[in-house]
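The values are calculated or read from the model by the stated rules, or taken from the named source; none is laboratory data. Fair warning: this is a prediction, and the values are worked out from it, not measured in the lab. All Cβ positions, even for glycine, are placed from backbone atoms using ideal geometry, and neighbour counts span all protein chains on display. Protein only, heavy atoms only, side chains kept; ligands, DNA and RNA dropped before computing areas. Shrake-Rupley method; radii C 1.70, N 1.55, O 1.52, S 1.80 Å.
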Amino acid sequence: MKSFNPQELSDFARYYGFHYDICDPAALVKDVLIEMERGLEGQLSSLPMIPSYIVPVTQVPPGKTVLALDAGGTNLRASLVHFDENGSAVAEGTKKIPMPGTKGKLSAGQFFDEIADFALPFLSETSAKIEGIGFTFSYPMEITADADGIPLAFSKEVDAQDVIGKAIGKGLRGALAARGYKYSGAIVLLNDTVATLLSGLASIPADGEEQRTKNAYGFSGGPAIGFILGTGFNTAYPETKIPKIGFESTQAPQIVVCETGNFNIRFRGQLDREYDSTTKNPGTYTLEKAASGAYLGPLTLHILKQAVKDNVIRFKKSDELLAMAHLETRHLNEFARAPLSAAGPVGSLFGTDEGDALAAVQYISSIITERGALFSAAVLAATVLRIDPALLPYSPVRIAVEGTTFLVYKGMRRSLESWLHQMLIKDKPRPYIISPVEQASLFGAAVAAVSRGR
């Protein structure tokens with residue numbers, strides 16, 4: 001049995017190009033900024049920088065009520081969201097049903113009928129004036145200039161191919177009218193990253209503190225960034241200049257969805273490229289494949305197999321690891337959180353006398369996590385710098401986060417926040433706060449409806 005040798009394991013990581021210390025953080029941030037600029041100008045870029053046609057509101061007027069809809073992978077949720085005297089969002093009577101199309105094939109008409117039947121009681125049975133409908137639609141779609149959304153594809157759970165290419169807001173409006181409810185207000189379509197950003201504006205206090213206190217100055221707060229680090233990876237932020245669509249406004253910036261999971265990282269090694277070649281979309285979403293929950297488990301398994309082949313890690317059941325077809329990220333996280341329990345598909349491979357091999361596996365896994373955190377922090381640092389290089393100390397950029405990889409994957413949040421602090425403090429202090437947000441899809445949809453209806 002080989003004894004635990006951190007130096008050998010680190011050298012292995014450097015040889016195959018996945019050690020975080022071969023990455024230059026400053027160069028990473030600069031790379032992201034360059035790709036952002038290219039995407040905004042419509043040039044060839046790994047960051048498409050998609051306009052949302054939604055202007056973020058920094059302070060929601062009190063007393064407004066909107067209908068928020070959230071179409072996720074398996075469920076469709078709805079809630080009346082009321083904004084109280086502080087501008088805080090309060091959800092009332094949240095309900096959910098299976099996502100239309102998950103229980104059988106639907107035509108476009110049937111699809112919109114099911115959504116309208118679900119939404120109608122919220123609209124018709126309330127005494128409050130409905131001032132907008134916000135609809136978070138977590139499927140690939142093109143956003144139009146009037147903030148409608150045209151689906152480009154559905155996942156395999158939803159069988160409603162006839163809906164692809166048809167405007168969701170227009171279809172819902174027509175289905176409501178067919179039921180005698182003529183709604184003339186705004187229907188705003190948005191993706192989950194935009195919803196997370198808007199939720200952050202509504203829920204994170206102006207000064208960024210966890211405890212919302214009286215704001216004697218009436219200050220509405222700094223800008224917000226939406227950040228998804230869960231199964232996937234994405235960011236959104238307010239942009240003042242989008243040359244490719246002729247947009248420019250410093251007073252009313254437009255939210256841009258960066259699709260940063262697709263960022264083409266130059267700091268990748270042989271094993272990254274090998275693993276990438278086994279995925280369904282090789283050559284794309286290279287950052288997502290290094291940092292998100294959909295890929296951390298499988299990528300780590302591929303790297304561990306190489307470590308066994310190179311005799312860097314050796315244990316009695318190593319052949320079982322080599323034969324393992326897949327490793328889910330949640331199982332890798334369970335191992336990382338309780339390595340001595342000898343449980344799960346990873347922990348159960350080691351005997352009680354194989355602590356050195358156990359430590360080696362955890363050590364390599366931690367290097368991969370640290371690198372993912374570094375990549376993620378570079379994206380966020382670049383976005384903060386893109387927004388405003390000279391924010392006042394009481395005007396922090398509010399980074400609103402959603403995603404289980406950030407929240408529960410061992411070491412990710414701590415390392416990401418550490419890297420981000422180093423990047424944003426290097427030249428001069430830059431005010432920011434990074435905070436998880438709850439029910440982001442619903443609350444973000446509500447804020448979007450208010451934003452578009454103003």
Looking across the stretch 350-362 at residues that are part of a helix (DSSP H, G or I) and crowded, with 19+ Cβ neighbours inside 10 Å, the single one that is farthest from the chain's Cα centre (by Cα) is ALA357
Only listed residue being assigned to a helix (DSSP H, G or I) and modelled with pLDDT under 95, chosen from LEU374, LEU340: LEU340
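Sort out which residues of the stretch 418-429 are under 19 Å from PHE375 (Cα atoms) and in a loop (DSSP other than H, G, I, E, B), and write them in order of number.
Scanning the stretch 418-429 gives a single hit, LYS426.
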Show me the strands (runs of 3 or more DSSP E) found entirely inside the stretch 30-123 where at least 1 residues are of a type in the set (Gly, Ala, Ser) and under 16 Å from VAL188 (Cα atoms). 65-71, 75-83
Select from the stretch 161-183 the residues that are open to solvent by 30 Å² or more (accessible area, probe 1.4 Å), part of a loop (DSSP other than H, G, I, E, B) and in contact (Cβ under 8 Å) with a residue 24 or more places away in the chain and list them in ascending order. LYS166, ARG179, TYR181
Give me the residue from the stretch 71-102 that is at pLDDT below 90 and open to solvent by 60 Å² or more (accessible area, probe 1.4 Å) and, out of that set, farthest from PHE443 (Cα to Cα). THR74
Tell me, yes or no, whether the stretch 324-335 has at least one residue that is part of a loop (DSSP other than H, G, I, E, B), open to solvent by less than 70 Å² (accessible area, probe 1.4 Å), modelled with pLDDT of 95 or more and touching a Gly at 6+ places or on another chain (Cβ under 9 Å). yes
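Rundown of residues vs (1) crowded, with 18+ Cβ neighbours inside 10 Å; (2) touching an Asp or Glu at 6+ places or on another chain (Cβ under 8 Å); (3) of a type outside the set (D, E, K, R), yes/no style:
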| residue | (1), (2), (3) |
| --- | --- |
| PRO6 | no, no, yes |
| LEU9 | yes, no, yes |
| ILE34 | no, no, yes |
| ARG38 | no, no, no |
Scope the stretch 338-363; condition hydroxyl-bearing (Ser, Thr, Tyr) and in contact (Cβ under 8 Å) with a residue 12 or more places away in the chain; matching residues: TYR363
Quick one: what pairs do we get from the stretch 80-93, first residue closer than 10 Å to PHE122 by Cα and without any contact (Cβ under 8 Å) to a residue 60 or more places away in the chain, second open to solvent by 30 Å² or more (accessible area, probe 1.4 Å) and small (Gly, Ala, Ser), C-beta under 7 Å, 6+ apart or different chains? LEU80/GLY93
Please tell me if VAL60 is among the aliphatic types (A, V, I, L, M) and closer than 30 Å to GLY101 by Cβ. no
Could you check, for the stretch 380-396, whether at least one of its residues is open to solvent by 40 Å² or more (accessible area, probe 1.4 Å), touching an Asp or Glu at 6+ places or on another chain (Cβ under 9 Å), closer than 23 Å to GLY221 by Cβ and touching a residue at least 12 places away in the same chain (Cβ under 8 Å)? yes
Residue among GLU438, GLU370 that is over 25 Å from ASP24 (Cα atoms) and among the acidic types (Asp, Glu): GLU438
Flag if PHE406 is touching a Cys at 6+ places or on another chain (Cβ under 9 Å), of a type in the set (Phe, Trp, Tyr) and buried (at least 22 other Cβ atoms within 10 Å of the Cβ): no
Return the total of residues in the stretch 124-151 being open to solvent by 40 Å² or more (accessible area, probe 1.4 Å), in contact with a helix residue (DSSP H, G or I) (Cβ under 9 Å, 6 or more places away or on another chain) and part of a loop (DSSP other than H, G, I, E, B). 3
Every listed condition ((1) in contact (Cβ under 8 Å) with a residue 24 or more places away in the chain; (2) buried (at least 18 other Cβ atoms within 10 Å of the Cβ)) holds for SER366 save (2)
Can you tell me which residue is nearest to LEU76 (Cα to Cα) among those in the stretch 104-125 that are modelled with pLDDT of 90 or more and of a type in the set (D, E, K, R)? GLU114
Name the pairs: first residue in the stretch 220-240 and free of Cβ contacts under 8 Å to residues at least 40 places away in the same chain, second residue surrounded by fewer than 24 Cβ atoms within 10 Å (Cβ to Cβ) and of a type in the set (Ser, Thr, Tyr), Cβ to Cβ under 8 Å, at least 6 apart or on different chains? THR240/SER249; THR240/THR250
Exactly one condition in (1) in a loop (DSSP other than H, G, I, E, B); (2) open to solvent by 50 Å² or more (accessible area, probe 1.4 Å) is false for VAL158; which is it? (2)
So, in the stretch 435-454, of the ones that are in contact (Cβ under 8 Å) with a residue 60 or more places away in the chain and over 16 Å from PRO56 (Cα atoms), which residue ends up surrounded by the fewest Cβ atoms within 10 Å (Cβ to Cβ)? GLU438
List the number of the failed condition for ALA294; all other conditions in (1) surrounded by 17 or more Cβ atoms within 10 Å (Cβ to Cβ); (2) more than 22 Å from THR235 (Cα to Cα) hold. (2)
Tally of residues being open to solvent by less than 20 Å² (accessible area, probe 1.4 Å) and touching a residue at least 40 places away in the same chain (Cβ under 8 Å) across the stretch 263-285: 5
